[in-house]
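Here's the structure we're looking at; comments come further down.
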Amino acid sequence: MPELPEVETIRRDLDAKLRGARIRNVEVRLAKIVFPHGSAFARALRGVVIRGIRRRGKLLVFDMERYPSQRHLPRRQVHSSHKIKTVQFYGIGRLVMLIHLKMTGQLVLRHHKQIIFGGHTIVGAHELPNKYTHVIFYFTPLENASRLAAGSGGSIRVPLETQSLTGRARRSMSRASSLTGVTNGDTLYFNDLRQFGYLKLVTSEQAQKILDEYGLEPLSRDFTLEKFAEILKKRKSGKLKSVLMDQSLFAGIGNIYADESCFLARVRPGRRAASLKGKELRTLWRSIKSVLKLSIKHRGTSFNTYVDSQGQAGNFVKYLKVYGRGNKPCKVCGTILKKTVLAGRGTVFCPTCQK
C-alpha cells in the first residue's frame, strides 16, 4: 500500500495537471467503490471545478467547487462508516472528494497522448479503459480560472501537511493557475484490481471531521518532539511499530517507513513505545522526518507494483536498509537481519545495530 511519500508524490503530480480543471462528466462502472453510490456520485460532480489536491496521511483530498451556473442537486446518502448520515449538495459551494488507493488502487491520467500513472501498475493499463477501470473522469479546462482565486465564500483550512511550507509556497498553492495542463478530452481513470480502494464525496465540513480522525502529520509543524514524546509515553504496553503505524496517532507512516525509521534511530520496532527516553526519542523523531523527506525526494519506494504518477519506479528502494531484506546481511554491520511479525506485518530489524 502506498504510504506518505508515495501518496505525496502522486498528489504533487496530479495537482500540477488538474488544478483549475472542470469535470465535464463522470462514468461510474462499479457503484460500490464510490459514495454516494453510482449515478448520484456522477451527477454531483458534473461541472465541478478542482481547486487543488491535498494529502492527509495516505488519503488524497480533492478540493472542489460548484459555481452559481450549476443546478441544485438532491440530498444523497453517504457511507455510514464515518458516522455521516447524509450529504447535502445544494447550490453553490465547496465539495471534497476523498480517494484512497488501498492495496491495488491506481489513478491514470490520459493527458494529450501521454499516459500519467499514479499508484499500482496493472497489466494492460495502457489499454484504457480496461476491466479494472471502475470510475472515469472526463475534463475540460476552466476558461475563467480567476474565479478560483476569488472563491465563493467560506474557507478551507490550511492542511497540516502544508503548514511547514514557506509563506510564498503556501500562497502559490492557494492561488489558482490561470491555465492548467488540462485540455478537452483529458481523462482520469481509477483502476483497482482487488476493489479495496474508494472515492468518497462529502462537503468540506464533513471532510474536516473525517480528516480530524487522523493523527499528527510527521512533516508538519505540529509534529514536535514534545508531542511525539507525549504520545509514546501514553502507550504503556504498545509496541513501537504498532504505535508508529496507528493512523489515529501518526498519519501516513506504514510498514516501510516504520521499519526504516527504527533502523536509522537504532531502536528495535518490537520495544515498548513508552520505554524510549531522552536521546532515543529525539533520534527516532528526527529519523522519521529524515526518512520520509528522503523518500519524497526520490519519488517514493517501488516495491511489488507501485509506480509514481509518471509511471516510473520510485528510487528510494535503493536506500532501503531493512525493509524487504529479511535474512540478508545488514548494510552497516553485516549481521544477518531478523524477520518477525509486528502489528500483523512482516518486520525486519538488525539484532546488532538496533537495541
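Descriptive notes on the structure:
- Some residue of the stretch 322-340 being touching a helix residue (DSSP H, G or I) at 6+ places or on another chain (Cβ under 7 Å), part of a loop (DSSP other than H, G, I, E, B), surrounded by 19 or more Cβ atoms within 10 Å (Cβ to Cβ) and at pLDDT below 80: no
- Scanning the stretch 16-31 for residues that are at pLDDT below 95 and assigned to a helix (DSSP H, G or I) returns A16, K17, L18.
Yes or no, residue by residue, for (1) exposed (fewer than 15 other Cβ atoms within 10 Å of the Cβ); (2) more than 17 Å from the chain's Cα centre (by Cα):
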| position | (1), (2) |
| --- | --- |
| A207 | no, no |
| E213 | yes, no |
| K227 | yes, yes |
| Q247 | no, no |
| C262 | no, yes |
| A265 | no, yes |
| K279 | yes, yes |
| L284 | no, yes |
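- For R299, the conditions (1) part of a helix (DSSP H, G or I); (2) modelled with pLDDT under 95 all hold with the exception of (1).
- Pair list, Cβ < 7 Å and 6+ apart or interchain, from the stretch 2-26 residues that are under 18 Å from K200 (Cα atoms) to residues that are assigned to a helix (DSSP H, G or I) and small (G, A, S): V26/A42
- Of the listed requirements (1) under 17 Å from R235 (Cβ atoms); (2) at pLDDT below 95; (3) charged (D, E, K, R), R272 misses just one: (2).
The values are calculated or read from the model by the stated rules, or taken from the named source; none is laboratory data. Here the structure is a predicted model, which means the values were calculated and not measured. Note that we place each Cβ from the backbone using ideal geometry, even for glycine, and neighbour counts take in every protein chain shown.
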